[in-house]
């Protein structure tokens, strides 16, 4: 089902613009799919998603949310923006309260929720982004990465149905970037539709189910990533490059006389595809983390996936080998016939199982033990 | 962290941070009024003592260097002003000094001399008391105090936004300043002036662009024209009012009682 439908939308910031920022664009964003909007700088990515929450009104065409055209009246927009949260690229544009607590509280307080509920949401949101200790800190005294986390916490506290993130990993160190992506996975698994805009093709390729590619306000492509990246000319036209995993798979498959398909999206899938025939996979023991979860016997490398899992291993003093990107690292171990233990947030378990089982389609059967 | 944000850090780490901001504000205002309501020099010393004691308790006198420079500047202005007042005596009291220099006529009397000292001491003690408030009350707390006295919401929101974005622009200015330094932008007086002007223009342009983007961000977060407050600061209760009234009345009475005790002209120059 289409969550958003954009029908022939044209938008210009002012009448003097020679080329509109969005030019006769039509596309659909499906509910419950991981969607990424791709494009070079100035492609119109931000302009497009500001149409989703009614910040911009199209000069021509219309935007539909849940099959209904957007209503631009004040009360309707207020309701819409309770459903759809946008996290802008630069946290400084978004954080306008003086302390971390007051900024995270801004959304829930504006929704006129009871004080206890606001407090719960602040605690939970800060916990999710690992900023609990900074709750009373002035926002002026935070580093860029911390501000980025706070801006995300501000959106999480609203508990939106749709979360739109503009360049969520820009300016973050690799570990923090992976943590943010893990958090995004967690939200997605909990039922939030996540749309992210970026020009990081590697990130998109490993994460997105659908991509929307824009170039100078024109729609270049909308659909699954493989089809788009298979066409180097199309990719170059939008000012993008092919994802590293995609390129390597393409070259190595040709060299070995293999089919390019199935397309590996992660390193573990790629290694599985290239592994010698008949190679055996290792076991991944998944420990769903919920209240009262205890440590299990260490049968291999240990990973923590999800913020609750990270909290658990810290609280129980469990020795962890993979604190970041733990699922992928355990998958890589499985491809190398090694066993591992993955402490995993309950909400992420299904996705983790699916991803580990996906290795089978690349030639290695990794066993999941629950 | 830049020098400019140190004052903010200082306020947030103050021992007096948890005190009711409105109580602190009213206390300072009351002391300042009493300070100028009496003609006693001793009252200025009492006020100075209160200011310094509060500052010592609040921050252990860890004043950021840039603020220290600002205090020195204010003090220099006070000295200059007091000097001007002292040589412009028009009364008939004993003349201490009377001379002409170029087109100027200097006429210092015992009264003008005493008045100049009183103003200098009042100013100095006033700065100390106000600093004790400023170093213990972050702007957001002050805005909440403003809210408690029912000042217009628009005004309070503007104060909060200016406070927030001033720091951002200061950060950007610092980055531009460092970039200019690394490009020999301060090589000679002429270049320095050009660089400072370019930075000022750049900051101005950035501030307008930032305001546009912030407007969008505000809309994205469902801004309804006010910033809701989650953690209210301590309220100004009856205890605060008692302390304020008692302190103000006591100092005033003391001032009235000691009004003629100290004659600065006599104390310093031996002139009655």
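What to note about this one:
- Boolean, residue A:353 is more than 22 Å from residue A:127 (Cβ to Cβ), at pLDDT 90 or above and either within 24 Å of the chain's Cα centre (by Cα) or not in a helix (DSSP H, G or I) (or both): yes
- The range A:117-140 - residue that is assigned to a loop (DSSP other than H, G, I, E, B) and within 25 Å of the chain's Cα centre (by Cα) and, of those, nearest to residue B:137 (Cα to Cα): A:135
- Selection within the range A:96-116 - within 26 Å of the chain's Cα centre (by Cα), within 23 Å of residue A:54 (Cα to Cα) and more than 8 Å from chain B (Cβ to nearest Cβ): A:103, A:104, A:108
- Taking the range B:175-184 as the range and being out of contact with any helix residue (DSSP H, G or I) (no Cβ under 8 Å at 6 or more places or on another chain) and either within 13 Å of chain A (Cβ to nearest Cβ) or surrounded by 15 or more Cβ atoms within 10 Å (Cβ to Cβ) (or both) as the test, only B:175 passes.
- Search result, residues across the range A:266-314 that are in contact with a strand residue (DSSP E or B) (Cβ under 8 Å, 6 or more places away or on another chain) and assigned to a helix (DSSP H, G or I): A:307, A:308, A:309, A:310, A:312, A:313
- Scanning the range B:65-91 for residues that are exposed (fewer than 11 other Cβ atoms within 10 Å of the Cβ), in contact (Cβ under 8 Å) with a residue 12 or more places away in the chain and within 19 Å of the chain's Cα centre (by Cα) gives a single hit, B:65.
- Test for residue A:177: is it closer than 16 Å to residue A:197 by Cβ and modelled with pLDDT under 90: yes
- Of the residues A:146, A:141, the single one that is on the phi < 0 side of the Ramachandran plot, without any contact (Cβ under 8 Å) to a residue 60 or more places away in the chain and buried (at least 19 other Cβ atoms within 10 Å of the Cβ) is A:146.
- Matching residues, the range A:120-133, being more than 12 Å from every other protein chain (Cβ to nearest Cβ) and either touching a residue at least 24 places away in the same chain (Cβ under 8 Å) or in contact with a strand residue (DSSP E or B) (Cβ under 8 Å, 6 or more places away or on another chain) (or both): A:124, A:125, A:126, A:127, A:128, A:129, A:130, A:131
- Residue tally, condition crowded, with 20+ Cβ neighbours inside 10 Å, more than 19 Å from residue A:322 (Cβ to Cβ) and more than 9 Å from the chain's Cα centre (by Cα), over the range A:175-198: 3
Yes or no, residue by residue, for (1) in contact with a strand residue (DSSP E or B) (Cβ under 8 Å, 6 or more places away or on another chain); (2) loosely packed, with under 15 Cβ neighbours inside 10 Å; (3) within 24 Å of residue B:7 (Cα to Cα); (4) within 10 Å of chain A (Cβ to nearest Cβ):
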{"position": "B:165", "(1), (2), (3), (4)": "no, no, yes, yes"}
{"position": "B:223", "(1), (2), (3), (4)": "no, no, no, yes"}
{"position": "B:243", "(1), (2), (3), (4)": "no, yes, no, no"}
{"position": "B:251", "(1), (2), (3), (4)": "no, no, no, no"}
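- Candidates A:186, A:89, A:175: the one that is assigned to a loop (DSSP other than H, G, I, E, B), more than 25 Å from residue B:231 (Cβ to Cβ) and in contact (Cβ under 8 Å) with a residue 12 or more places away in the chain is A:89.
- Residue within the range A:309-317 that is buried (at least 21 other Cβ atoms within 10 Å of the Cβ), at pLDDT 90 or above and in contact with a helix residue (DSSP H, G or I) (Cβ under 6 Å, 6 or more places away or on another chain) present: no
- Hits in the range B:27-49 (condition: surrounded by fewer than 20 Cβ atoms within 10 Å (Cβ to Cβ) and in a helix (DSSP H, G or I)): B:29, B:30, B:32, B:33, B:36, B:37, B:42, B:45, B:48, B:49
- Of everything in the range B:138-159 that is within 12 Å of another protein chain (Cβ to nearest Cβ) and within 18 Å of the chain's Cα centre (by Cα), the residue that is surrounded by the fewest Cβ atoms within 10 Å (Cβ to Cβ) is B:159.
The values are calculated or read from the model by the stated rules, or taken from the named source; none is laboratory data. As the structure is a prediction and not an experimental result, all values here were calculated from the model. Glycine also receives a Cβ, built like all others from the backbone with ideal geometry; neighbour counts cover every protein chain displayed.
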